[in-house]
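Report on one structure; see the data block that follows.
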Amino acid sequence: MSDFIISGGTIVDPVDGYFGPGAVKVVNGKIAEVIKSKNSPKGDIDATGLLVCPGLVDMHVHFREPGFEYKETIESGARAAAAGGFTSVACMPNTDPPLDNQEAIKFVIDKARKAVVNVYPIGTLTKGQKGQELAEIGDMIDAGAVAFSDDGAGIQNGTIMRRAMEYCKMLDVIPISHCEYADLADNGVINEGYASTKLGLGGISRVAEDLMIAREIMLAEYTGAPVHLAHVSTAGGVELIKNAKKKKLPVTAETCPHYFTLHDELLKGYSTNMKVNPPLRTRKDRTAIRRGIAAGLFDCIVTDHAPHAYDEKQLEFDYAPPGMIGLETSVGLVSTELIAKNRITWLDAIKMMSLNQARILNIPAGTLDTGAAADITLIDPKIQWTVTEDAFHSLSKNSPYIGKELTGRVARTIVAGKTVYELG
């Protein structure tokens, strides 16, 4: 069914700020008309009680292919994305080998042809993600890369980062910075502070993140080149972003659900599913992230979906890899922790989880515009559900939210007019 009408729901349009009754007419897999009125025609898909949104976008996922297919593949990651309401995702390049050349980008694009959602590759900023020499960014753009990052490791050399930012500006693509100075992180595994001391685990100072955030902002101001700050986790980072926004610098920023829902004191049970990079910070940092989201300082909420195999997460905390899956719980966490507690509205959330990310990546997504591909997400904002391991579509199950009760869940995901996920 490529021709249909969705009616009875609440249209959420982040472009013009409309939040109200209406219908969406789809013809040949494209949006033919959005009727923003109570007097809309009866449709083929009854969305009564549901939010009808542009398909969600996640510009920060790890699909592990090539090299780590036992954790996740592009195909399985896309299924998880669909279950989470995401119609377009961009996968980070820290694979094995890294996505640092044209052929690697073409590999991802070829694999993505079989995926149920749109999958875009992000290339590395430096060759081999070694932070020493710029990768062939222009060639990778020609092959289909939509952004560039050495995610998983911050670029330690300021001159290299400056050149990367200036080169990306010239080519009209965004560099994404993993903000962490390795020497200040000092091989730590959790946030440096009371919890790390009590648990006897090596700490990662928030200064390791804050200093690099400050560097990237200063480089953006000096060069006029844009930069996107990945997975911000600290109160200091929020303050730095606030100042950058006041100056109207070309700086955008993202954070993740785990930074506005969790904190380092919860690690008392040594759960490796809560080991992430950057690490969970303090209650104070969590509060600052929430306030930053409420104040509109963050452009995006991303998942940083990072699957790992069960046996890898069963290692001692020091040796377990950092990361948690997040695609299938993101909407529920945003709904439960932000919207239900009146920190933001659904319009705010959809803007951060769809339109803004599409604009940053410059991809055709995030709107309900006439003629656009019918990428649509239907959300039940009131349904209550419990996160269970068996329900995950991801190959990996490393989530700290298993057993958590949430309110709000994706009911249906439509890509180019085709339903690729339906609850139940």
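Of the residues making up segment 292-309, those that are over 14 Å from the mean Cα position of the chain (by Cα) and either farther than 19 Å from V61 by Cα or of a type in the set (V, I, T) (or both) are G292, I293, A294, A295, G296, L297. In the set D210, D139, only one residue is of a type in the set (D, E), farther than 25 Å from L249 by Cβ, touching a residue at least 24 places away in the same chain (Cβ under 8 Å) and touching a helix residue (DSSP H, G or I) at 6+ places or on another chain (Cβ under 7 Å); that residue is D139. Among the residues here, A349 does not qualify as in contact with a Gly (Cβ under 6 Å, 6 or more places away or on another chain) and among the aliphatic types (A, V, I, L, M). Would you check which residues across segment 196-237 are among the charged types (D, E, K, R) and closer than 21 Å to N356 by Cβ and list them? Residue satisfying the conditions is E216 alone. The listed residues are L333, L315, and the only one of them that is assigned by TED's automatic domain parsing to the domain that holds G188, more than 30 Å from G144 (Cβ to Cβ) and over 16 Å from the mean Cα position of the chain (by Cα) turns out to be L315. Only residues that are within 13 Å of D100 (Cβ to Cβ), outside any strand (DSSP E or B) and of a type outside the set (A, V, I, L, M, F, W, C) were counted in segment 139-182, giving 4.
Of the residues making up segment 228-281, those that are under 26 Å from D311 (Cα atoms), touching a residue at least 12 places away in the same chain (Cβ under 8 Å) and not polar (S, T, N, Q) number 20.
Candidates are the residues of segment 29-87 that are assigned to a loop (DSSP other than H, G, I, E, B) and β-branched (V, I, T); the one that is farthest from A306 (Cα to Cα) is T48.
The set of residues from segment 162-202 being of a type in the set (G, A, S) and either crowded, with 21+ Cβ neighbours inside 10 Å or in contact (Cβ under 8 Å) with a residue 60 or more places away in the chain (or both) comprises A164, S177, A185, G188, G193, A195, S196, G202.
Per-residue answers, yes or no, for (1) under 21 Å from T303 (Cβ atoms); (2) modelled with pLDDT under 95; (3) surrounded by fewer than 17 Cβ atoms within 10 Å (Cβ to Cβ):
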| residue | (1), (2), (3) |
| --- | --- |
| R64 | yes, no, no |
| R79 | yes, no, no |
| C91 | yes, no, no |
| N101 | no, no, no |
| A104 | no, no, no |
| K130 | no, no, yes |
| A135 | no, no, no |
| I141 | no, no, no |
| S149 | yes, no, no |
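Within segment 319-329, the set of residues being of a type outside the set (S, T, N, Q) and within 20 Å of H258 (Cα to Cα) comprises A320, P321, P322, G323, M324, I325, G326, L327, E328. With the condition kept exactly as written, say whether any residue in segment 324-333 is acidic (D, E) and crowded, with 24+ Cβ neighbours inside 10 Å. Looking through segment 324-333, at least one residue is acidic (D, E) and crowded, with 24+ Cβ neighbours inside 10 Å. Check whether at least one residue in segment 287-305 is over 30 Å from E75 (Cα atoms), touching a strand residue (DSSP E or B) at 6+ places or on another chain (Cβ under 8 Å), part of a loop (DSSP other than H, G, I, E, B) and touching a residue at least 40 places away in the same chain (Cβ under 8 Å), and report yes or no. Yes, the conditions are met somewhere in segment 287-305.
Residues of segment 1-28 that are crowded, with 18+ Cβ neighbours inside 10 Å and in a loop (DSSP other than H, G, I, E, B): P14 alone.
In segment 129-147, the qualifying residues are those that are touching a Lys or Arg at 6+ places or on another chain (Cβ under 8 Å) and hydrophobic (A, V, I, L, M, F, W, C), and the one that is farthest from D110 (Cα to Cα) is L134. For segment 358-381, a residue qualifies if it is out of contact with any helix residue (DSSP H, G or I) (no Cβ under 7 Å at 6 or more places or on another chain), buried (at least 22 other Cβ atoms within 10 Å of the Cβ) and of a type in the set (V, I, T), and the qualifying residues are I360, I376, T377.
Test L355 against the criterion of being under 24 Å from V146 (Cβ atoms) and either among the hydrophobic types (A, V, I, L, M, F, W, C) or buried (at least 19 other Cβ atoms within 10 Å of the Cβ) (or both), and give yes or no. The answer is yes for L355.
Residue-by-condition table, conditions (1) in contact with an Asp or Glu (Cβ under 6 Å, 6 or more places away or on another chain); (2) without any contact (Cβ under 8 Å) to a residue 12 or more places away in the chain:
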{"position": "I360", "(1), (2)": "no, no"}
{"position": "T367", "(1), (2)": "no, no"}
{"position": "D380", "(1), (2)": "no, no"}
{"position": "I383", "(1), (2)": "no, no"}
{"position": "A391", "(1), (2)": "no, no"}
{"position": "A411", "(1), (2)": "yes, no"}
{"position": "K418", "(1), (2)": "no, no"}
{"position": "E422", "(1), (2)": "no, yes"}
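The requirement of being under 30 Å from V15 (Cβ atoms) and outside the structural domain of T388 (by TED's automatic domain parsing) is not satisfied by G43.
The values are calculated or read from the model by the stated rules, or taken from the named source; none is laboratory data. Everything numeric here is computed off the predicted structure, so don't read it as measured data. For neighbour counting, all protein chains shown are included, and Cβ atoms are generated from backbone atoms with ideal geometry for every residue, glycine included.
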